[in-house]
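Participant: Can you keep this structure in mind? I'll have questions shortly.
The values are calculated or read from the model by the stated rules, or taken from the named source; none is laboratory data. Quantities reported herein were computed from a predicted structural model and do not represent experimental measurements. Neighbour counts are summed over all protein chains in view; Cβ atoms, including those assigned to glycine, are modelled from backbone coordinates with ideal geometry. Accessible surface areas use protein heavy atoms only, side chains included; no ligands, DNA or RNA. Shrake-Rupley method; radii C 1.70, N 1.55, O 1.52, S 1.80 Å.
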Amino acid sequence: AAQGVFVTTIKMETSLRYELAQKQLGFKLREKVTTKLGFELKFNGIFNTATNELQHRAALKKQFHIGNAPSDGASTPLLLGLGVVHMSGFRPQEPKLTVSAKKKVAVLTGPNTLISTKLWSDIDYNGKNLTRNAIIKFSHKALNFTRRQDIKLSVGGDVAWPKGQKRPAVSLYLQARENNWAITMRNNQVALTYDL
């Protein structure tokens with residue numbers, strides 16, 4: 001009942017992730033809850049089974065949709081977010097302010113070919129630590145690549161620009177996904193994932 005009154009969607013994804021360089025297996029959990037008031041609660045976490053450490057990012061944001069959804073069924077309106085975030089790996093362990101922007105545009109063959117862009121920035125309440133990040137991807141889904149399987153290929157770039165760094169650091173993003181399986185190169189690391 002509470003879901004029908006307050007919550008629009010609840011989405012949870014779990015997967016196994018194997019880092020080829022470190023030879024370590026992780027359990028990945030992603031959960032997203034959106035409300036009718038335009039708030040989004042999102043959690044991304046990876047539990048490393050070798051070190052028993054949990055890396056996570058949890059954010060609560062107010063979402064703002066700019067423009068109408070295109071009629072192609074794949075493009076999205078500009079989505080802006082403003083809220084707070086808590087992440088592992090930072091000291092002190094205090095929430096930060098976060099802003100984000102996301103946009104998808106269908107190109108070429110329509111809904112199976114997309115350009116996706118995401119930008120986000122986190123900052124301490126005192127303004128000392130500022131991080132700026134972005135990822136842009138060009139992806140194409142080949143339906144029925146084999147008799148029973150689709151395949152999705154993505155290529156793009158990750159951008160990281162911490163405060164005090166004169167130039168942003170750019171790294172290559174590559175991914176090949178077949179239904180539940182995927183191999184991804186990101187931040188110069190290669191990983192295999194299997195969606196549960």
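Participant: Quickly run through region 48-73 and pick out the residues that are over 17 Å from the mean Cα position of the chain (by Cα) and buried (at least 16 other Cβ atoms within 10 Å of the Cβ).
Facilitator: Once the filter is applied, which keeps residues that are over 17 Å from the mean Cα position of the chain (by Cα) and buried (at least 16 other Cβ atoms within 10 Å of the Cβ), region 48-73 yields only Asn48.
Participant: Next question. Of all residues in region 1-24, count the ones that are farther than 26 Å from Val190 by Cβ and among the hydroxyl-bearing types (Ser, Thr, Tyr).
Facilitator: Summing the residues that are farther than 26 Å from Val190 by Cβ and among the hydroxyl-bearing types (Ser, Thr, Tyr) in region 1-24 gives 2.
Participant: Condition check: within 23 Å of Gly26 (Cβ to Cβ), surrounded by 14 or more Cβ atoms within 10 Å (Cβ to Cβ) and in contact (Cβ under 8 Å) with a residue 60 or more places away in the chain. Does Thr193 satisfy that?
Facilitator: Working: within 23 Å of Gly26 (Cβ to Cβ): yes; surrounded by 14 or more Cβ atoms within 10 Å (Cβ to Cβ): yes; in contact (Cβ under 8 Å) with a residue 60 or more places away in the chain: yes.
Answer is yes for this residue.
Participant: Out of all the residues in region 25-43, which are under 22 Å from Ala191 (Cβ atoms) and open to solvent by 50 Å² or more (accessible area, probe 1.4 Å)?
Facilitator: Of region 25-43, the ones under 22 Å from Ala191 (Cβ atoms) are 25-32, 42-43.
Of everything in region 25-43, those that are under 22 Å from Ala191 (Cβ atoms) and open to solvent by 50 Å² or more (accessible area, probe 1.4 Å) turn out to be Leu25, Phe27, Lys28, Arg30, Glu31, Lys32, Phe43.
Participant: Would you confirm whether any residue within region 162-171 is open to solvent by 70 Å² or more (accessible area, probe 1.4 Å) and at positive phi? Full working, then the answer.
Facilitator: Initial filter on region 162-171 (open to solvent by 70 Å² or more (accessible area, probe 1.4 Å)): 163-167, 170.
Retained after the next criterion (residues that are at positive phi): 164.
Among the residues of region 162-171, at least one is open to solvent by 70 Å² or more (accessible area, probe 1.4 Å) and at positive phi, which makes the answer yes.
Participant: Restricting region 116-148 to residues that are closer than 26 Å to Ala58 by Cα and hydroxyl-bearing (Ser, Thr, Tyr), which is most open to solvent (accessible area, probe 1.4 Å)? If you could, list the steps in order and put the result at the bottom.
Facilitator: Taking region 116-148 first, the residues closer than 26 Å to Ala58 by Cα are 116-137.
Applying the additional criterion that residues be hydroxyl-bearing (Ser, Thr, Tyr) yields 116-117, 121, 125, 131.
On the way: Ser116: 21, Thr117: 47, Ser121: 28, Tyr125: 140, Thr131: 38 Å².
The extreme case among them is Tyr125.
Participant: Of all residues in region 90-113, which are open to solvent by 30 Å² or more (accessible area, probe 1.4 Å) and over 18 Å from the mean Cα position of the chain (by Cα)? Explain how you work it out, then say what you get.
Facilitator: Start the filter on region 90-113 by keeping residues that are open to solvent by 30 Å² or more (accessible area, probe 1.4 Å), which leaves 90-95, 97, 99, 102-105, 107-109, 111-112.
Answer for region 90-113, where residues must be open to solvent by 30 Å² or more (accessible area, probe 1.4 Å) and over 18 Å from the mean Cα position of the chain (by Cα): Phe90, Arg91, Pro92, Gln93, Glu94, Pro95, Val107, Leu108, Thr109, Pro111, Asn112.
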